[in-house]
Amino acid sequence: MKAIVLNLTAWAVLPIMDGMAKYLSADLHFLQVVWGRYFFMVLISLPLTYFFFKKYLVKPKNISIQFIRSIFLFLSTVLFFYAISITSMAKALALAFVSPLIVTLLSSFLLKEKVGFHRWTAVIVGFIGALIIIQPGFIKINLATLAALGTGIAYAFYIISTRKLSSIDNPLLTLIFTGLFGAIIISLIVPYYWINPNFNQWLLMIVLAMVGTFGHFCLILSLNYAEASKLSPLAYFEIVNNILIGYYFFGDFPNKWLWLGLFFIISSGIYISIRENKLNKS
């Protein structure tokens, strides 16, 4: 029960970060918002970890896995923040949620995992859902749509890289490492796109980082009480909050095609998660 509460708290909180990122992107370059998310996250989480979880601040067991993870997480963050700066939060997140389908697809080829008929069928159904949302041939596909799909692909490769390499460090250490990596990389890029923020925008970037850090801490804590495969279906709760925030603050409400596509993607994703959970038990 504790794991479910913590996990649902994370998925309730993280869409708030997305909403603030979209709001800031109206006046600031989206890369500047990415910088604020990474820079202030490190500024907040590093001292907290040092004082309360110092034992986790050790040299990573495998530097390569940390760099691979960090690269793909950084890419997914940049692509998603760009997507929500242009298109609706609901559409961006719906397309990003193709990641479990892509993980299943890639697992067969990269990890040589056996993927049966049921999961292949779920993958096809999920991609049909993505096509319904994109509506190729009926509406113009813009860069934001491709970026949202790219978010799902980048995050899928993050999951695959974690599975492929056996040595996995403590999640808290990973959070710090990926935060430092992202903060350093984006700090080298953002000066070329810098727009001087006002006081409210500075404050909002700090709050955005605090919310994001809190959300990820809740995710980490939830995994201490239950397996990731059992909690993964709860991630779709994020879409509900995402839609509510998008509608209330930005007037974005999903059309009938987005609802239909969401149904296909969520159904297939939950089925794959349940199927994998059953296979792990057998």
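The values are calculated or read from the model by the stated rules, or taken from the named source; none is laboratory data. What you see is a predicted model; the values in this text were computed from it and never measured. Using ideal geometry, Cβ is built from the backbone for each residue, glycine included, and neighbour counts are taken over all protein chains shown.
List of remarks:
- The test for being modelled with pLDDT of 85 or more and loosely packed, with under 15 Cβ neighbours inside 10 Å does not hold for residue 180.
- Filter result (among the acidic types (Asp, Glu) and surrounded by 14 or more Cβ atoms within 10 Å (Cβ to Cβ)) within the range 14-35: 18
- Answer from 13, 33, 42 - the residue that is under 15 Å from the mean Cα position of the chain (by Cα), among the β-branched types (Val, Ile, Thr) and assigned to a helix (DSSP H, G or I): 13
- Selection over the range 45-78 of residues that are touching a Leu at 6+ places or on another chain (Cβ under 6 Å) and among the hydrophobic types (A, V, I, L, M, F, W, C) gives a count of 2.
- Hey, residue 85 closer than 25 Å to residue 238 by Cβ and polar (S, T, N, Q) or not: yes
- Qualifying residue in the range 36-50 (condition: in contact with an Asp or Glu (Cβ under 7 Å, 6 or more places away or on another chain), at negative phi, crowded, with 18+ Cβ neighbours inside 10 Å and touching a residue at least 60 places away in the same chain (Cβ under 8 Å)): no
- Among the residues listed as 36, 19, the single one being more than 25 Å from residue 253 (Cα to Cα), among the small types (Gly, Ala, Ser) and out of contact with any His (no Cβ under 8 Å at 6 or more places or on another chain): 36
- Considering the range 80-111, the residues that are over 23 Å from residue 270 (Cβ atoms) and hydroxyl-bearing (Ser, Thr, Tyr) include one that is surrounded by the most Cβ atoms within 10 Å (Cβ to Cβ), namely 82.
- Taken together, the residues in the range 16-30 that are closer than 15 Å to residue 86 by Cα and assigned to a helix (DSSP H, G or I) amount to 9.
- Of all residues in the range 49-60, those that are among the basic types (Lys, Arg) and either under 24 Å from the mean Cα position of the chain (by Cα) or within 21 Å of residue 221 (Cβ to Cβ) (or both) total 2.
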